[in-house]
Amino acid sequence: MDISVECPQCGSEVDLAEEDTVFKCLYCGSILKPTGRNRVQSFFISPREPAQKVGKVLIRALNAKLSKQLRIVEHHLLYAPYWRVNGMIFQWAFGRRYFKTASGDKSWEDLKKLRATPWVHTFPAFDASKWGLFSLGLRVQVLKIWPFNKQKMGEDPLLMRQTVSFKEAVDHAKRSITKHTGSGSFDVEMEISELVGERYSLLFFPFYCFTLQNNGKKSEVLVDALSHKVVKGHVDLHELKKNSSGDTIPYKPLGFIPFNCPNCGWEFSFKPRTMIHFCKSCAQAWLERGGSYVPVPYKISLQDRSPTGCKYLAFWKLTAVIKTPEREYRSLNEFYELFPLPRILDQEKIKNRDISFYIPAFRIKNVAIVDRFAARLTQLQPILSEGDPDSAEVLDLSDVWLPLKEAKEMAHVLLFSLTRETHKKTKKAVKTAELRFTGATLLCLPFAEKGIYLRELETDLALQKKALDLD
Ligand SMILES: [Zn+2]
Ligand SMILES: [Zn+2]
């Protein structure tokens, strides 16, 4: 889905890809930061053809079908608000797989499966009990959308009132993502679904409302202004004309701010999908929120033996307490009751240490590989140095894609990644476990490049380069 925006510098209309966090004008070359993309925003979709043309075709078809002499006495362009939610679903399913052994006996094994898929969902943001179009379907994926702007939405458009609040939309999305993954020989005993990186938009979708007349009798017909199909629905035109909600914009359309470090003025590197921008000059990191940049504190794990030319990948290090209805797991020795390591640990040394989750904050191409890496790093609970970034040093820092809120959701997914499919006790604990976070640090870890792998310097854990999506 592309957003059509007007370049604030030269006025040209330029497409901004939905996931882009930086805007570059094709015509004048300006680079700007679109604001509010991490918040709810309002957009509209333009009708494909003018009302007269659609009406003509409609009347011809209706008269032929009903052998009547209908004519259009009034027509209106009407926008109805729909919620659109998109994100990635991470789904862990634990269960049993049944199979036949070589000798023909029935047998089973414990199994766990990770599924990560993009997810898009649209549903009415108005009272749709008398409305036929419950979803805008896949077609919205290829549509162009415009930031909400009443002047550009046509002559005197009527706007249906939004009655489904953001909170209700979130609840609706939560309910919709839980779908069982079990199939055939796989019997699911427990699973979790987490929607990560979700973005909510309010889309004003166009309809034409035609008032038809036949022998003095009036009736109304609603037409989808994109597919031109008749849609079941009822609108109270009188009420809408009186109370069209168009004068108040439900959620702000996007704005623009300079793409420069607010501290020192240095232009950020142009990386279109980065959420957090590092300043190469003063070494501070920034995130756009509510129309301005807010600083994001981060640490760098510098080791004496860090060779020059190593790559730094960002992780959220989240300290957390694992809570189940029965008890809490606060320290490392309690953590290892759930996720044991195959070696003896010095209980004295770990009983006072907190539990940390390491969540990759860079963009990922292969979820399964990166998930395995994050689970191994988290299970090791390494002691890593955390130094302050030094502006004099130019480090090869990866882009940061995952904001903190999303990282917390991923930590919950990681609980399941850490769980062995054969560990009954752990499975029972994580099933109802919740995490209470006590600290969060954005930490850049050094990796040395070796063939197809990147190796973390402290733990020597390897990550396949092809699993990453670096700009
Ligand atoms: Zn321009
Ligand atoms: Zn700076």
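The values are calculated or read from the model by the stated rules, or taken from the named source; none is laboratory data. Remember, it's a predicted structure, so these values are computed and weren't measured experimentally. Using ideal geometry, Cβ is built from the backbone for each residue, glycine included, and neighbour counts are taken over all protein chains shown.
Tabulated results
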{"read-out": "Residue match in the stretch 434-448 (condition: aromatic (Phe, Trp, Tyr), outside any loop (DSSP other than H, G, I, E, B) and farther than 28 Å from THR21 by Cβ)", "value": "no"}
{"read-out": "Test: residue in the stretch 136-157 that is over 14 Å from ASP224 (Cα atoms), among the small types (Gly, Ala, Ser) and in the same structural domain as GLY197 (by TED's automatic domain parsing)", "value": "yes"}
{"read-out": "Residue ID - farthest from the chain's Cα centre (by Cα), chosen from residues in the stretch 414-428 that are aliphatic (A, V, I, L, M) and surrounded by 22 or more Cβ atoms within 10 Å (Cβ to Cβ)", "value": "LEU415"}
{"read-out": "Any hit, the stretch 62-79, residues being within 16 Å of ligand 1 (Cβ to nearest atom), out of contact with any Gly (no Cβ under 9 Å at 6 or more places or on another chain) and assigned to a loop (DSSP other than H, G, I, E, B)", "value": "no"}
{"read-out": "One residue from LEU332, LEU345 being without any contact (Cβ under 8 Å) to a residue 24 or more places away in the chain and either of a type in the set (Phe, Trp, Tyr) or assigned by TED's automatic domain parsing to the domain that holds THR438 (or both)", "value": "LEU345"}
{"read-out": "Residue in the stretch 192-202 that is exposed (fewer than 15 other Cβ atoms within 10 Å of the Cβ) and either at pLDDT 90 or above or of a type in the set (S, T, N, Q) (or both) present", "value": "no"}
{"read-out": "Filter pass, LYS33 being outside the structural domain of LEU77 (by TED's automatic domain parsing) and within 16 Å of ligand 2 (Cβ to nearest atom)", "value": "yes"}
{"read-out": "Filtered residues of the stretch 127-171 (kept if assigned to a strand (DSSP E or B) and over 22 Å from the mean Cα position of the chain (by Cα))", "value": "LEU158, LEU159"}
{"read-out": "Number of the condition not met by ALA320 [criteria: (1) without any contact (Cβ under 8 Å) to a residue 60 or more places away in the chain; (2) of a type in the set (A, V, I, L, M); (3) under 30 Å from ALA429 (Cβ atoms)]", "value": "(1)"}
{"read-out": "The listed residue being surrounded by 12 or more Cβ atoms within 10 Å (Cβ to Cβ), modelled with pLDDT under 90 and over 17 Å from GLN41 (Cβ atoms), out of LEU66, LEU111, LEU70, LEU138", "value": "LEU70"}
{"read-out": "Top-ranked residue in the stretch 9-30 [being in contact with a Pro (Cβ under 6 Å, 6 or more places away or on another chain) and either within 16 Å of ligand 2 (Cβ to nearest atom) or not in a strand (DSSP E or B) (or both); ranked as modelled with the lowest pLDDT]", "value": "ASP20"}
{"read-out": "Considering residues of the stretch 94-126 that are touching a strand residue (DSSP E or B) at 6+ places or on another chain (Cβ under 9 Å) and part of a loop (DSSP other than H, G, I, E, B) only, the residue farthest from PRO81 (Cα to Cα)", "value": "THR101"}
